[in-house]
Structure formats: structure tokens, C-alpha cells
Amino acid sequence: AIEIPQPYPGLLRFYKVSKRRFDDISTVAAAISMDLDPAGRVRRARFVYGGVAPTPLRIAEAEDALSGQVWNEAAVARVQRVIDRNLTPLSDARGSKAYRLEVAKSLVEKFYWETRS
């Protein structure tokens with residue numbers, strides 16, 4: 001189980017990528033949360049992925065890389081580089097390792113575009 005500490009984050013999204021919308025195992029799932037200060041700097045961030053390993057994975061290095069940084073396109077690229085180094089997805093019938101890695105990185109960008117001010 002993944003616990004979400006209170007107070008709840010200001011920005012929170014859950015993404016599920018699968019072949020079918022309902023009743024299907026995720027190819028990649030992501031829970032991303034973030035709190036920003038008034039200047040748009042990251043106070044706290046969480047990046048958790050499912051479907052890429054036997055158990056859900058939290059990418060703490062990505063969280064640390066954002067601490068105190070402005071949440072912008074450069075920050076997205078920084079997180080994507082960390083994901084490249086730290087995520088080693090499995091390959092199976094739902095998706096290859098390379099596909100899952102690219103989806104995981106693209107979900108960070110999707111989160112940015114959905115939550116930017």
C-alpha cells in the first residue's frame with residue numbers, strides 16, 4: 001500500500017496506461033504528487049511507478065533532484081534523465097522494456113502540462 005501523507009499534496013495525478021480502459025493490467029501506472037511554494041519551487045515531490053517491476057517503485061532520486069527547483073520544462077527533463085538511470089522495466093506481452101521506459105518518462109511531461117500554472 002502507498003500512503004499519502006497529510007496534508008494532501010497540492011498537485012496529484014494517477015495515470016494508468018493499458019491496452020483496454022477497464023479490467024486490464026496496467027502496462028505502466030504512475031502516481032505523481034507535488035507541492036509548490038508561491039514562487040513555483042518544488043517543496044515536496046513523489047514519483048511512484050507500477051507495471052515496470054514486480055512491485056511498485058518510488059523514484060526517490062527524482063524527488064531529490066527537484067527539491068527547491070522551479071517546476072518547469074528543465075525540471076521535467078531532469079526527472080526524465082533520473083528515470084532513464086533508475087528505472088529498468090520488465091518486458092512482457094503488454095510492452096517492451098524500451099516502451100515502458102518511454103511511457104514512464106512521458107507521464108512526467110503529461111503531469112507538467114496538466115499542472116503548470
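Here is how the numbers come out for the structure above:
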read-out: Protein accessible area in the chain, 1.4 Å probe - carbon and sulfur %; value: 51 percent
read-out: For the chain, accessible area per residue (1.4 Å probe, heavy atoms of protein chains only), Å²; value: 60 Å²
read-out: Ordering of 6-19, 74-87 by burial proxy (mean other Cβ atoms within 10 Å per residue, highest first); value: 74-87, 6-19
read-out: Per-residue [θ]222 nm for the chain (sum of -39500 (n - 2.57) over DSSP H runs n ≥ 4, rounded to 500); value: -11000 deg cm²/dmol
read-out: Contact order normalised by residue count of the chain, Cα under 8 Å, 6+ apart, percent; value: 21 percent
read-out: Calculated from backbone phi, Karplus (6.51, -1.76, 1.60) coupling profile of region 91-105 in Hz, x at Gly/Pro; value: 10, 7, 4, 7, x, 7, 4, 5, 4, 4, 5, 5, 5, 4, 5
read-out: Under 5 Å, built H, 5+ apart or other chain: amide partners of residue 53; value: 90
read-out: Under the Karplus curve 6.51 cos²θ - 1.76 cosθ + 1.60, θ = phi - 60°, whole-Hz ³J(HN,Hα) for region 63-71, x wherever Gly or Pro sits; value: 4, 5, 5, 9, 3, x, 8, 5, 7
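The values are calculated or read from the model by the stated rules, or taken from the named source; none is laboratory data. Not measured: the values here are computed from a predicted model. With ideal geometry, Cβ positions are generated from the backbone for all residues, glycine too; neighbour counts draw on all protein chains shown. Protein only, heavy atoms only, side chains kept; ligands, DNA and RNA dropped before computing areas. Shrake-Rupley method; radii C 1.70, N 1.55, O 1.52, S 1.80 Å.
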